[in-house]
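Here the structure comes first, spelled out in structure tokens, and everything after it is commentary.
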Amino acid sequence: MFRHAKWYIFGLIFAGGIVIGALAIPSAVEYTSKTEFCISCHEMKTTVYEEYKKTIHYNNPDGVRADCSDCHIPRSWGPTLIRKIMAAKDVYHHLAGTIDTPEKFEARRPEMAQRVWDSMKANNSQECRNCHQFGAMELKNQRLRAQKQHQNAMKDGSTCIDCHKGIAHKPIHEQTKKNEGAEDTFSISP
């Protein structure tokens, strides 16, 4: 009798864990995807958020605002969980004191930015393409230079991040270019 009771109790605990996880994980993902959560660390609020507020993704004639999650978290569930696990590394470093001040954060920022850019390059800038798609662009309504760049990108298979690294965080893009001694081939203005 006790031999079966042990498995029954184990089964109940296991099933309870699955139910709790199924309810808690989506809520945690939703909560940690809000801009308010992202800027709850002072180094994010005083640097990254202030940069973002000066961009077309924050203020624009159409009144459409992209939140942090729109650019940094994929919309499909699997890639979202992977991104959240990767972001846990940044939370760990904040709590461990590696990036817990604006100065420490800025010192590590080029490395963190490059990691984001590499990820976006690897997934064909999926976060950008959730809103911006070549097929939906009215090229004739764009400036001549943008028309040419987008036509070339479509032809060459380039992705958004190839040209638009500085769209939301221009200072870090300019700093990494300067550190690399690269010349800007496509300037982004807010």
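The values are calculated or read from the model by the stated rules, or taken from the named source; none is laboratory data. This is a predicted model, so every value here is computed, not measured. Every residue, glycine among them, receives a Cβ derived from its backbone with ideal geometry; neighbour counts consider all protein chains shown. With ligands, DNA and RNA removed, areas are computed over all heavy atoms of the protein, side chains included. Shrake-Rupley method; radii C 1.70, N 1.55, O 1.52, S 1.80 Å.
Brief remarks follow.
- Pair list, Cβ < 9 Å and 6+ apart or interchain, from the stretch 7-32 residues that are over 25 Å from Thr80 (Cβ atoms) to residues that are open to solvent by 90 Å² or more (accessible area, probe 1.4 Å) and part of a helix (DSSP H, G or I): none
- Annotation note: of Tyr49, Tyr58, the sole residue that is part of a loop (DSSP other than H, G, I, E, B) and among the hydroxyl-bearing types (Ser, Thr, Tyr) is Tyr58.
- Considering residues of the stretch 116-140 that are open to solvent by 60 Å² or more (accessible area, probe 1.4 Å) and in contact (Cβ under 8 Å) with a residue 24 or more places away in the chain only, the residue nearest to the chain's Cα centre (by Cα): Gln126
- Among the residues making up the stretch 92-108, those that are open to solvent by less than 70 Å² (accessible area, probe 1.4 Å) and charged (D, E, K, R) are Asp100, Glu106, Arg108.
- Flag for Glu111 being over 15 Å from the mean Cα position of the chain (by Cα), open to solvent by 40 Å² or more (accessible area, probe 1.4 Å) and of a type in the set (Asp, Glu): no
- Scanning the stretch 141-177 for residues that are in a loop (DSSP other than H, G, I, E, B), open to solvent by less than 80 Å² (accessible area, probe 1.4 Å) and of a type outside the set (Ser, Thr, Tyr) gives Gln142, Gly157, His164, Lys165, Gly166, Ile167, Ala168, His169.
- Residue check for Phe14: of a type outside the set (D, E, K, R), open to solvent by 50 Å² or more (accessible area, probe 1.4 Å) and either touching a Lys or Arg at 6+ places or on another chain (Cβ under 9 Å) or closer than 30 Å to Glu103 by Cβ (or both): no
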